[in-house]
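The structure appears below as structure tokens.
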Amino acid sequence: MEKSTLEKIHCLIIGSGPAGYTAAIYASRAGLHPVLYQGIQPGGQLTITTEVENYPGYPEGIQGPEMMEHFEKQARRMGTDIRYGLATKVDFSAQPYKIEIDEEKWIEADAVIISTGASAKWLGLESEQRLNGYGVSACAVCDGFFFKGKEVAIVGAGDTAAEEALYLSKICSQVHMIVRKSEMRASKVMQERVINTPNITMYWNSETDEILGDKKVEAVRIKNTQTQEKKEIPVSAFFVAIGHHPNSDIFKGWLNTDDAGYLITEPGTSKTNIEGVFASGDVQDKIYRQAVTAAGSGCIAALDAERYLGAKGL
């Protein structure tokens, strides 16, 4: 890896969801000449979302892919160099930092903003992917409103699943909660709240056999893991709440993470444990995971990067 062969970048942004594109907009306006690599899923998780109604500024709602096109166009208009490509390795041992793209090209950057997001964990059913966006969702807070007053199902057993079931219980007529074992992993207080909510029906020792429906979710078929008995439950939506996996693997060994792999940032900032490396969006946020909070953290990362580069005289 000869230094003379490396492309030098002032500010590198890795990832292209709301966090990455917002960081790009702010970094461009600050004259940081950012280069953004879009990653394996240009536009992030919103590109597999249909209707978005909770992002400010869209009174009629907007399709997720269209919204991300708007983000991209705005970042380009501000001057961001947006490229296809995936960061595959990093070397944060010394400034300028080195980043490998597509396992073939190394670049150098004075500041790095990581916005690689998180990916929802799925059950692995064909019907789950086929009906994704047509009643199947990995975010009850994002999509539960569309099924107001209807019966829905949710699969999961942790605190997030419990929180989402409780959220759904306030807007849906009935919530069918599918739990693989005879007890939940959620904290005791969350379990009690779920079990004591009248319109949440628990299905213990159960797993999802199939999501039923042609063009939209119409029912879920579950199987009791002890008796092997199968049962169909008519529902209008199926929520998967078995966790998310932050896209942080290439940074392990360099950046501090929590037990689940989320990048740790200094409270109130986007700063990681390595100066000049910043993290924003779902790769460091396991609590809120909303487009608007990701965008806000992208803004923070760009401002942090601008101040860092200015203080260093870079």
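Read-outs throughout are calculated quantities, based only on the coordinates presented, and are distinct from any laboratory measurement. Nothing here was measured: the structure is a model prediction, and the numbers come from that model. Cβ sites come from the backbone with ideal geometry, for glycine too, and all protein chains shown count toward neighbours.
At 25 °C and a viscosity of 0.890 mPa s, what translational diffusion coefficient does Stokes-Einstein give for the chain, taking Rh as the Kirkwood radius over Cα pairs? Give it in µm²/s as a whole number. Using the Kirkwood radius from Cα pairs, D works out to 119 µm²/s.
GNM on the chain, alpha-carbon springs under 10 angstrom: the most fluctuating residue among Gln226, Gln74, Gln45 is Gln226. Count Lys and Arg as plus one, Asp and Glu as minus one, and take only other residues whose Cβ is under 14 Å from that of Thr197; the net charge is then -1. Absence of a disulfide-compatible partner, taken as no other cysteine beta carbon within less than 4.7 angstrom, is noted in the chain for Cys11, Cys172, Cys299.
P(r) tail, the stretch 87-127: Cα-Cα pairs separated by more than 14 Å, 59% of all pairs.
Legend: P(r) of the stretch 122-240 from all alpha carbon pair distances, 5 Å bins from 0, whole percents, reading 2, 13, 25, 25, 21, 10, 3, 0. Modelled spin-label separation between Asn199 and Lys231, with each label point placed 7 Å from Cα along the Cα-to-Cβ direction: 2.0 nm. In the structure shown, the pairs Lys105/Lys286; Lys150/Lys181; Lys121/Lys223; Lys121/Lys181; Lys150/Lys216 are assessed against 22 Å; a Cα-Cα span above that value is assigned to Lys105/Lys286; Lys150/Lys181.
Taking a span of 27 Å or more along the helix axis (Cα atoms) and a mean Kyte-Doolittle hydropathy of at least 0.0 as the rule, the DSSP H helices of the chain that qualify are 291-312.
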